[in-house]
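Bear in mind these aren't lab numbers, they're just calculated from the coordinates by the rules spelled out. Remember, it's a predicted structure, so these values are computed and weren't measured experimentally. Here the Cβ positions follow ideal geometry from the backbone for every residue, glycine too, while neighbour counts run over all protein chains shown.
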Amino acid sequence: MPAMRIRKAVFPVAGMGTRFLPATKAIPKEMLPVVDKPVIQYGVEEAREAGIEQFIFVTGRGKHVIEDHFDHAYELEALLTAREKTRELHSLLESLPNTGSVSFTRQQKPLGLGHAVLCAQHLVGNEPFAVVLPDDLMVGQPGALRQMVDAWRVIGGGVVVAAEEKPREETQRYGVIAPGVSRGAVTEVLGLVEKPKPSAAPSNLCIIGRYILPPEIFAELERRERGAGNEIQLTDAMARLLGKMPFHAVTTTCARYDCGDKVGFLQANLAVGLARQDIAPALKRIVRALDVGD
Ligand code: G1P
């Protein structure tokens, strides 16, 4: 009987971030800040709130600053201590994962999201786990992954993906669900297609970047079959599990901001900034005063 807990989360962070060049020439896109925290940190905090104890990063070349971010920065900590800057010091220390809870592995070739998850197999082992795509910044309480873990427990296991209805013309950007019966926020998944044209999409219910997966996914990923974009797709491997176990989509109450997109990233900064008591008043004044034209 597998443990009915989700202890581990995989963060695929090997992507090159070409959409944000030149900003991402020397900095990983996951380190770009939304207000004052890097995008990746929001994902890690959300996972921690969902009960995750092991954080597994699938990185690539040029991503070592992500490792540094989740480690002590002794000189900085000493300086802040000496200057009695306790608030700043606290902001550094509260984001540090516990000793031994972070691991890194590399995706040596950009072969797709499914391949990135496969790279973490030896660290996940034989237990259910979460996948968090940090580009999808989820804002709300309880956190998106928390809501999914709760649903997964009630259902009794299997696959759970986060989903959101999107305009039809956007289906080519997502994994799209053929939905069955819905009960509240939980919808049965009958089929999945990765990045279909709107005319071929089974619905407009799209997967967004949060997953709870059983260890059986690895055998499907091991097939290394190429799908959309000639990549090894997580969606295709998940589709092979349909009918073999419970499979559901959860529509969370959180807002999603696509930080992999320029406009989505700016929207995330505005939304998070406007929700922050320390900067919202000044930001509101600036936004109101903007002459945005048509
Ligand atoms: C990935 C998945 C896709 C999912 C999306 C959510 O696509 O392949 O199924 O809908 O994340 O953000 P990507 O954004 O990496 O192209």
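Within region 123-139, the residues that satisfy the criterion of being over 13 Å from C259 (Cβ atoms), more than 11 Å from the ligand (Cβ to nearest atom) and not in a loop (DSSP other than H, G, I, E, B) are L123, V124, F129, A130. Within region 160-170, being assigned to a strand (DSSP E or B) and either among the aliphatic types (A, V, I, L, M) or within 12 Å of the ligand (Cβ to nearest atom) (or both) holds for V160, V161, A162, A163, E164.
Here the condition is being touching a Phe, Trp or Tyr at 6+ places or on another chain (Cβ under 7 Å) and crowded, with 16+ Cβ neighbours inside 10 Å; of V117, V131, it holds for V131 alone.
Would you mention how many residues in region 213-222 are within 15 Å of the ligand (Cβ to nearest atom) and outside any strand (DSSP E or B)?
3
The set of residues in region 171-202 being within 10 Å of the ligand (Cβ to nearest atom) and acidic (D, E) consists of E194 alone. Among the listed residues F55, F70, F104, F129, identify the single one that is under 18 Å from D36 (Cα atoms), in contact (Cβ under 8 Å) with a residue 12 or more places away in the chain and aromatic (F, W, Y). Within the list F55, F70, F104, F129, the selection yields F70.
Within region 105-117, the set of residues being closer than 12 Å to F11 by Cα and either among the aromatic types (F, W, Y) or more than 16 Å from the chain's Cα centre (by Cα) (or both) comprises T105, R106, Q107. Within region 234-266, the set of residues being closer than 23 Å to F20 by Cα, surrounded by 13 or more Cβ atoms within 10 Å (Cβ to Cβ) and within 15 Å of the ligand (Cβ to nearest atom) comprises A255, R256, Y257, D258, C259, G260, D261, G264, F265.
Among the residues of region 18-58, write down those that are surrounded by fewer than 21 Cβ atoms within 10 Å (Cβ to Cβ) and of a type in the set (G, A, S). Passing the criteria: A23, A26, G51. Can you name every residue in region 29-60 that is out of contact with any strand residue (DSSP E or B) (no Cβ under 8 Å at 6 or more places or on another chain) and under 19 Å from G260 (Cα atoms)? Listed by number, the residues that qualify are K29, P33, V35, D36, K37, P38, Q41, E45. The conditions of being more than 16 Å from the ligand (Cβ to nearest atom) and not aliphatic (A, V, I, L, M) are met by P33.
Looking at R210, R226, R153, which is the one that is surrounded by fewer than 20 Cβ atoms within 10 Å (Cβ to Cβ) and either within 15 Å of the ligand (Cβ to nearest atom) or not in a helix (DSSP H, G or I) (or both)?
R226
For region 1-17, the candidate set comprises residues that are small (G, A, S) and away from the ligand (no atom under 15 Å from the Cβ); within that set, the residue that is surrounded by the most Cβ atoms within 10 Å (Cβ to Cβ) is A9.
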